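Right, one structure below, let's go through it.
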Amino acid sequence: MNQLLDKKYTYLSNFFKTAIEQNKLFHSLIFYGSNNFMQYAMAMELSRLLNCTGDKTETCSCQNCRWIRENKHPAVMTISKIDNKTDSSKTVISEEQVNQVLDTLINSSDYHRVFIFCDAQLKKLSDEELTEYEEYKTTGFNIPQEPDGDKLWYPSGVNTNCFSTVAANSMLKSIEEPPSNVTFIFLSNNKDDLLQTIISRSESFYIADVKNTKYQTEFFEKFFSSYPLFEKQHVLDFSQCLLNFQTENNMNPKYIIDCIQYYLIQLLKSNSNNKLLLNRILKDIQKTEKSKKMIDSYIKEQTVYEDLAFYFFGR
Ligand SMILES: [Zn+2]
């Protein structure tokens, strides 16, 4: 197995190795967690182990391993709104696209076919995303698309926005009675982002994001000085402050919300005796979770920050 994945996810890595050796790997897998690049690496590594005709080591040079490392294997396909498209819709994994995939299953194949479903975009990566990409590269796998200028392929989890109910439903039969040597892998942030009917036919694995993120709070703390109260006249200063800090430091908007969430969690710890305040803080933490979901749904960060600002300052 791949060294980095082995080290980061020892338990999972052993589990998958054994499952593949004993030919017991489930045919539909859901990976969930916040680092979609590591999920993608895990999916590529499983594809490699399922197809290797050599010694299965990280450096194996059999043709299947080489093709998969280059991300050019004909039987290992990434399915997203921008990968393996058969129609012109650029915003969703379409029903037509899914049907094309399923049609290929009618023909038998010598390979073990793996379909990796995710959301993806070509974009200029933030510093944090770039770190994820650099880490992914050390696994030795390529991304499925060439860089476009300074834009790189970046995966995220599927959800019902980019993978419509109709498209997902058209897969159910294949997931229920899959042809032999076919594995479906779904990358997601929360496994609840997938249809219940897919979840119930799949095995789910949490791919933890093992990194020590340092959260910064100084840049917005002054607005929280009389928490849980806020000074109404500063509502727009607050949202502007978040946006400025994000753009000046080239950060992921989710990180900005995480910093606020981190701050609230610290408040929670230091106010454990004040029941009333605790409830307030818990509600606020839930609100920050909602803000992150808004970002996942491609709502503009400025809108997300303003929504959060009006939530805090409007009470
Ligand atoms: Zn090999």
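Descriptive notes on the structure:
- Being more than 13 Å from the ligand (Cβ to nearest atom), part of a loop (DSSP other than H, G, I, E, B) and in the same structural domain as residue 185 (by TED's automatic domain parsing) is a condition met by at least one residue of the stretch 2-19.
- In the stretch 56-67, of all residues being at pLDDT 95 or above and not polar (S, T, N, Q), the one that is farthest from the ligand (Cβ to nearest atom) corresponds to 67.
- Hey, residue 23 more than 12 Å from residue 207 (Cβ to Cβ) and part of a helix (DSSP H, G or I) or not: no
- Boolean, residue 136 is within 27 Å of residue 254 (Cβ to Cβ), of a type outside the set (A, V, I, L, M, F, W, C) and either in contact with a helix residue (DSSP H, G or I) (Cβ under 6 Å, 6 or more places away or on another chain) or within 16 Å of the ligand (Cβ to nearest atom) (or both): yes
- Boolean, residue 34 is within 19 Å of residue 191 (Cα to Cα), polar (S, T, N, Q) and in contact with a helix residue (DSSP H, G or I) (Cβ under 6 Å, 6 or more places away or on another chain): no
- When residues of the stretch 112-132 are limited to those that are of a type in the set (A, V, I, L, M) and buried (at least 23 other Cβ atoms within 10 Å of the Cβ), the one farthest from residue 38 (Cα to Cα): 114
- Taking the criterion of being closer than 17 Å to residue 224 by Cα and without any contact (Cβ under 8 Å) to a residue 12 or more places away in the chain, no residue of the stretch 298-310 qualifies.
- If you go through the stretch 3-41 and keep only what is among the hydrophobic types (A, V, I, L, M, F, W, C) and under 12 Å from the mean Cα position of the chain (by Cα), you end up with 30, 31, 37, 38, 41.
- Scanning the stretch 189-211 for residues that are over 15 Å from residue 175 (Cβ atoms) and among the small types (Gly, Ala, Ser) yields a single hit, 208.
- Condition met for residue 78 (within 16 Å of the ligand (Cβ to nearest atom) and under 22 Å from residue 209 (Cβ atoms)): no
- Residue in the stretch 41-55 that is hydroxyl-bearing (Ser, Thr, Tyr), free of Cβ contacts under 8 Å to residues at least 40 places away in the same chain and within 12 Å of the ligand (Cβ to nearest atom) present: yes
- Within the stretch 288-297, considering residues that are assigned to a helix (DSSP H, G or I) and touching a residue at least 12 places away in the same chain (Cβ under 8 Å), the one surrounded by the most Cβ atoms within 10 Å (Cβ to Cβ): 291
- So residue 70, is it in contact (Cβ under 8 Å) with a residue 40 or more places away in the chain, more than 10 Å from the ligand (Cβ to nearest atom) and more than 22 Å from residue 207 (Cα to Cα): yes
- Exactly one residue out of 126, 108 is at pLDDT below 95, of a type in the set (Gly, Ala, Ser) and within 30 Å of residue 258 (Cα to Cα): that is 126.
The values are calculated or read from the model by the stated rules, or taken from the named source; none is laboratory data. Quick caveat: nothing in here was measured; it's all calculated off a predicted structure. Reconstructed Cβ throughout: ideal geometry from the backbone, glycine too, with neighbour counts over all protein chains shown.
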